[in-house]
Amino acid sequence: MNWYKWSMICRRSVVKVVGSGIAKAWLWCVLGSSIACCQNQNGAELDEEAKAAEARMRQIFAPESEAAAMLEAIVEGRSMTRNDGWFTMAKPQSAYAWSQMLQKYDDNKDGQLSADEFPGSSQWFERLDRNRDGVLSIEDHRWNVEPSSTPILRILRRLDSDDNGRVTREELRNFIDALLPEGQNDRSLDDLRLALDPPPRVIGQSFERPTASQLMIGLEKQEIGSHLPGPAVGEVGMDFTLKTVTGKAITLSEYCHEKPVVLIFGNFTCGPFRSEAGNLEQLYERYQNDFHFLMVYVREAHPSDGWAMRRNEAAEIVLRQPTKYEEREKVARQCQQFMGGRIPLVVDEMNDPVGREYSGMPSRLYLLNSQRQVMFKSGRGPHYFVPTELEEAMLWHLNETATTSAKSPNE
């Protein structure tokens, strides 16, 4: 076992003994500083700027926090998948978990919900019944929460050639023409398989993979994600007033007083956020009469002067991190138009008070009730930014509130 790993084990063990509070924070700083000289010896290589950022963050991050978990994962050179860093802690939360709804409404205890057992409308039932087999089951829920397979995601990316979250007839035709060039009448199944599902890249050869230094600096700037975890399900979200790109002030509590609110956090250079533009627009079209929608534009995740991505270059979305509110407002206007232009959008202040409090960087989804209580909280983006999972919670919220309001006061 190398010195760094041994030191981290010792630190965690002693922290558990000491407990929380001032002593715990002090111990975190002392032990963090004591191993700073050797912590990267057998882990990721950091440049001098990144090492300085790491040292500063070790002085302020609470032990066992999401931010601390991310810092350690960067130092260890981990891959930052759905099961690395803070993604292991920042999982989706819902007041309407499938297991709870099943226990509440599954009268015959067969592990699924029939249309007769479902308390809401047939239209809501059809939206939840993803596989169209006439019952609600764990398979429908899994479709909402689990990502598509890598081959399917690769195909969808190729179909959406302009990276705007929508596929046009022209894009479909171009995709087919690429698979079956003019003059060629057919292709073998193996040729199509190779075209649609090529062998995976060798680890380390993906141009999208950031360096450890980029991640460390991005973590300090909160470009790759907020340091705070954000309010949990059952907690009350912070009230705020922010301005739209036209200067209109919108206050969250006033929105919530009228309807439940869907909060959408995102930024223009986050490719996974852009890819959900069409899905978010459809949610707005379907449910705007029942919910308020509010998009909060936060700091850019992949500016050209930070962790830049070729995906953005291909989409001709290349911009530096705005340093003035007027610059941020201009980019937010572009972002809103790209997202379809219909969902109301407000611009966070330059120090991201709302984005930090809701842990909205780089992207996140919330559902709040009339008291600003969190009913659904997506996991941290980009891995857990899933509109279909939000829609499931929205439909159950409509069901539960309709069921509650239908009861008499004496029930």
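What follows is calculated from the coordinates using simple rules that are stated; it is not laboratory data. What you see is a predicted model, and the numbers here were worked out from it, not measured in a lab. Reconstructed Cβ throughout: ideal geometry from the backbone, glycine too, with neighbour counts over all protein chains shown.
Numbers for the structure displayed
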| read-out | value |
| --- | --- |
| Cα gyration tensor category, rounded, prolate or oblate, for the range 77-221 with a/c compared to 1.5 | oblate |
| Rounded FRET efficiency, nearest 0.05, which uses the C-beta distance separating Leu156 from Gln371 and R0 of 35 Å | 0.40 |
| Ranked packing of 238-248, 347-357, 308-318, most packed first, by mean Cβ within 10 Å | 347-357, 308-318, 238-248 |
| Cβ-Cβ FRET estimate between Asn279 and Ser188, R0 fixed at 35 Å, reported to 0.05 | 0.55 |
| Extension gain, Thr241 back to Lys330 (0.36 nm per residue minus Cα-Cα distance, nm) | 30.1 nm |
| Prolate/oblate/rounded label for the range 150-196 (Cα gyration tensor, a/c 1.5) | oblate |
| Cross-link pairs beyond the 22 Å C-alpha cut-off, checked among Lys51/Lys221; Lys51/Lys324; Lys330/Lys377; Lys51/Lys330; Lys91/Lys248; Lys91/Lys324 | Lys51/Lys324; Lys330/Lys377; Lys51/Lys330; Lys91/Lys248; Lys91/Lys324 |
| Backbone HN-Hα couplings from phi across the range 333-350 [Karplus 6.51/-1.76/1.60, Hz, Gly and Pro as x] | 5, 4, 4, 4, 5, 4, 7, x, x, 9, 6, x, 10, 10, 10, 5, 5, 5 |
| Descending principal axes extents, the chain, alpha-carbon based, whole Å | 74, 63, 51 |
| From phi via Karplus (6.51, -1.76, 1.60), per-residue ³J(HN,Hα) for the range 115-129 in Hz, x at Gly/Pro | 4, 6, 7, 5, x, x, 6, 5, 5, 5, 4, 5, 5, 7, 7 |
| Sites Arg320 and Gln123, calculated FRET efficiency, Cβ-Cβ separation with R0 45 Å, nearest 0.05 | 0.50 |
| Cα pair distances exceeding 23 angstrom across the range 229-385, given as percent | 31 percent |
| Only Lys, Arg (+1) and Asp, Glu (-1) charged, at Cβ; the chain dipole about Cα centre in debye | 1100 debye |
| Full-stretch length increase - Asp107, Gln59 - with 0.36 nm per residue and alpha-carbon distance subtracted | 11.9 nm |
| Sum of -39500 (n - 2.57) over DSSP H runs of 4+, divided by residues of the chain (222 nm, nearest 500) | -13000 deg cm²/dmol |
